[in-house]
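Just so it is clear, none of the values below were taken in a lab; they were calculated from the coordinates. None of the values given here were measured: they were computed from a predicted structure. Reconstructed Cβ throughout: ideal geometry from the backbone, glycine too, with neighbour counts over all protein chains shown.
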Amino acid sequence: MLSHRDMQEAERRGRQVRSIYVYEAPVRLWHWVNAAAVTTLAVTGYFIGKPLPTMPGEAAENFLLGYIRFAHFAAAYIFAIGLLGRIYWAFVGNKHARQIFMLPILNKAWWSEVFFEVRWYMFLEKHPKKYVGHNPMAQLMMFFFFTVLAVGMVFTGFALYSEGAGVGTWSDQLFGWVLPLLGGSLQTHNLHRLGMWIMMSFAVVHIYAAIREDIMSRQSLISTMISGWRMFKD
Ligand code: HEM
Ligand code: HEM
């Protein structure tokens, strides 16, 4: 069954809608580059906070943690610049490109679809609703557990980075104030690390939901993030 919003869109395009172009190329490209960057950041970040206990040979001949930090910072630049690019695309792209930045919290129909999706994910509803863009619950989760969190990771990350870059550098001038605000360097490390675990929890649920919906919801999900087209089955 199509939701009200999607019915309107379907009607506008003729009732026999089989596929709709949803995610434009920049959104798709960003999604996969971002997923790779987040994975790199989580793995390298994990080892920055809990370094491997021993290394063989002379200390001067080892630079393992240095390389791990380098990979973290390289992925961090890709993550942060990608996020800026994605924000830009929210302004110039189609309406689906704005979904992860804006929640229609005053729209009652949207909330009822959020709760419908909660029941559907709990196997309490028998017939899936179809959506052109993100389903309302996915949108809600993406907003808090990706968009808001990602901004937090950039602020805390570059604040920590400014400690190494030094007083007066651009990262210090732009983000240095975050450290005292959060209660110092150690506390910023803790929050940045907690953010990693929250984002990893999101990723696990997100990938589960993408595969589950691809199988169960009578519409394409993963191929939509590759080709841009959402295909609907009867
Ligand atoms: C999703 C994004 C990110 C994740 C999952 C992540 C994860 C982590 C983790 C788990 C740590 C170790 C914290 C600890 O236990 O002390 C860390 C450290 C750090 N991260 Fe990130 N990070 C992300 C984004 C960024 C960004 C955008 C920057 C910006 C440059 C950044 C810069 C740093 C710095 C400077 C450190 C401390 C390095 C050190 O003390 O040697 N991170 N990160
Ligand atoms: C194998 C891994 C992954 C798969 C198969 C996957 C799949 C998908 C799919 C199918 C969508 C579109 C869902 C829809 O149409 O409602 C999507 C969107 C999204 N995914 Fe993933 N994803 C993966 C990894 C990740 C990771 C690691 C992150 C970040 C933590 C992430 C963040 C997002 C975000 C923020 C969106 C919304 C995109 C937008 O509207 O700009 N994904 N993903």
Going through (1) assigned to a loop (DSSP other than H, G, I, E, B); (2) without any contact (Cβ under 8 Å) to a residue 12 or more places away in the chain; (3) touching a helix residue (DSSP H, G or I) at 6+ places or on another chain (Cβ under 9 Å) one by one, F115 fails only at (1)
Looking at G176 and the list (1) more than 16 Å from ligand 2 (Cβ to nearest atom); (2) within 19 Å of the chain's Cα centre (by Cα), which single condition is not satisfied? (2)
Of the residues in the range 187-208, those that are without any contact (Cβ under 8 Å) to a residue 24 or more places away in the chain and more than 10 Å from ligand 1 (Cβ to nearest atom) come to Q187, V204, I207, Y208
If the requirement is being within 16 Å of ligand 1 (Cβ to nearest atom) and touching a residue at least 60 places away in the same chain (Cβ under 8 Å), which of these qualifies: A109, A138, A76? A76
Note on the range 127-154: residues assigned to a loop (DSSP other than H, G, I, E, B) and in contact with a strand residue (DSSP E or B) (Cβ under 9 Å, 6 or more places away or on another chain) are P128, K129, Y131, V132, G133
V167 versus (1) touching a helix residue (DSSP H, G or I) at 6+ places or on another chain (Cβ under 8 Å); (2) of a type in the set (A, V, I, L, M); (3) within 16 Å of ligand 1 (Cβ to nearest atom): which is the lone unmet condition? (1)
